[in-house]
1. Go through segment 178-229 and tell me which helices (runs of 4 or more DSSP H), entirely inside it, have 3 or more residues that are surrounded by 15 or more Cβ atoms within 10 Å (Cβ to Cβ).
2. Could you tell me which of the residues Gly127, Gly167 is small (Gly, Ala, Ser), on the phi > 0 side of the Ramachandran plot and crowded, with 17+ Cβ neighbours inside 10 Å?
3. Mind checking which residues of segment 79-138 are of a type outside the set (A, V, I, L, M, F, W, C) and in a helix (DSSP H, G or I)?
4. Can you go through Pro296, Pro292, Pro284 and tell me which one is out of contact with any Gly (no Cβ under 8 Å at 6 or more places or on another chain), modelled with pLDDT of 75 or more and either closer than 30 Å to Pro272 by Cα or of a type outside the set (Phe, Trp, Tyr) (or both)?
5. Of the residues Val121, Val84, Val111, Val89, only one is more than 15 Å from Tyr19 (Cβ to Cβ) and surrounded by fewer than 19 Cβ atoms within 10 Å (Cβ to Cβ); which?
6. Quick check on this structure: which one of Gln299, Gln306 is within 26 Å of Gly365 (Cα to Cα), more than 18 Å from the chain's Cα centre (by Cα) and in a loop (DSSP other than H, G, I, E, B)?
7. In segment 233-261, what residues are over 15 Å from Asp189 (Cβ atoms) and assigned to a helix (DSSP H, G or I)?
8. Taking the stated definitions as given, is Leu149 outside any helix (DSSP H, G or I) and either at pLDDT 95 or above or touching a helix residue (DSSP H, G or I) at 6+ places or on another chain (Cβ under 8 Å) (or both)?
Amino acid sequence: MSGGQAYQAADGIVGGQLYSKFWANETGFELNNSNLDSQAQLDSIETNADFFRCKQCHGWDRLGREGGYSNRAPSTTRPRVADVNLARVSEIASPQALFNSIKGGDNYRSVNDRLDNYDPVSNASVGDKMPNYAEILTDAQIWDIVKYLKEEALDTTALYDLILLSGEYPSRGRGFLNMGVDGSPIAGDTVYANNCAICHGVDGTKILIDGDAYTVGRHMRFKPYEDQHKIKFGHLGSIMGPVLKDADLGAIQDLFAAMRDKEKYPDVKPEPEPEPEPEPEPEPEPEPEPEPEPEPEPQPIDGQFQFLKHCSSCHSGNGEGASPRYGDVTGASASFISAKIQSVPKMAHLKPDDPAQAVSLEEVGAIAEFLMR
């Protein structure tokens, strides 16, 4: 088939799954449906997974270092995040140009190159290269990825506002606001009830996700760049398939808008309802009533996030924040921080009498706790 016919015949949903992890069972990729020469090559890919996953270098949101992976540092088991806005490239490049770029060439990393000696400081030149996918994927699989990039990938600017803080990769903090942008929370509740509640429960707390650390609501508020991909293309290797693969962008906006409501979709799993008290047996003297259950402790404030939000543009601390223009404040106590807010003119906007910028005493305490870890 010609490039045009091959592109038209491609499956962008499968392409999104290939982008995530091309050797997952859901993609149909296997040794006899690939350009690999041996099982040893496939074993090496699985062993060095993050060196071959498109999402590792380009991010779930295709924004590279300018997106959700702005602070995802390299390690001996994963390369640097790319300094390329693939979303913008995909918008302006032709399908054929994208195909040629993915397929690779002489300056790309061979599937046979060693990766067990990768070190981001001293030995990164090979591992940081893009894989030569011509040695791995069939042309049809590459066209599926092209179709994903051009037609099926979601525009994350329509789903939330990305706030990039000062600093440089991989020490650049980020936050996410305005979930759902113009979406309808009421319509989003319906999308959730019809597609998600059967597994995750009516409030997203039935099963905890991502290492049993997050409810659905908390995960979507903290990692929307990842969830926007998984709700459309599936969480590969789990029972969650491409739930909203046929949904339009408006429905996904609505779902994200619904996640603004922390009452409906809380950050923590609520305590189970207490068992009803049994009927007392007739006794000359009734049993004393049990002491009431203590109220659950309030969820602690995220001190790291508060530090990134209020302090990191001027200070570094505990490994976070910009270069220390006004000093590293690791170990600062709550009383020290409060005193500086009251006495330093540049910090006057953080005083509690400024409702637009104020930092509460509880937030100061959380920041201090983070700095003293």
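1. Per the criteria, 185-195, 216-222.
2. Gly167
3. Hits for segment 79-138 are Arg88, Ser90, Glu91, Pro95, Gln96, Asn100, Ser101, Lys103, Tyr133, Glu135.
4. So the residue among Pro296, Pro292, Pro284 that is out of contact with any Gly (no Cβ under 8 Å at 6 or more places or on another chain), modelled with pLDDT of 75 or more and either closer than 30 Å to Pro272 by Cα or of a type outside the set (Phe, Trp, Tyr) (or both) is Pro292.
5. The match here is Val121.
6. Residue meeting the stated conditions: Gln299.
7. Within segment 233-261, Phe233, Leu249 meet the criteria.
8. Taking the combined requirement at face value, the residue does not satisfy it.
The values are calculated or read from the model by the stated rules, or taken from the named source; none is laboratory data. Since this is a predicted model, take the numbers as computed values, not measurements. With ideal geometry, Cβ positions are generated from the backbone for all residues, glycine too; neighbour counts draw on all protein chains shown.
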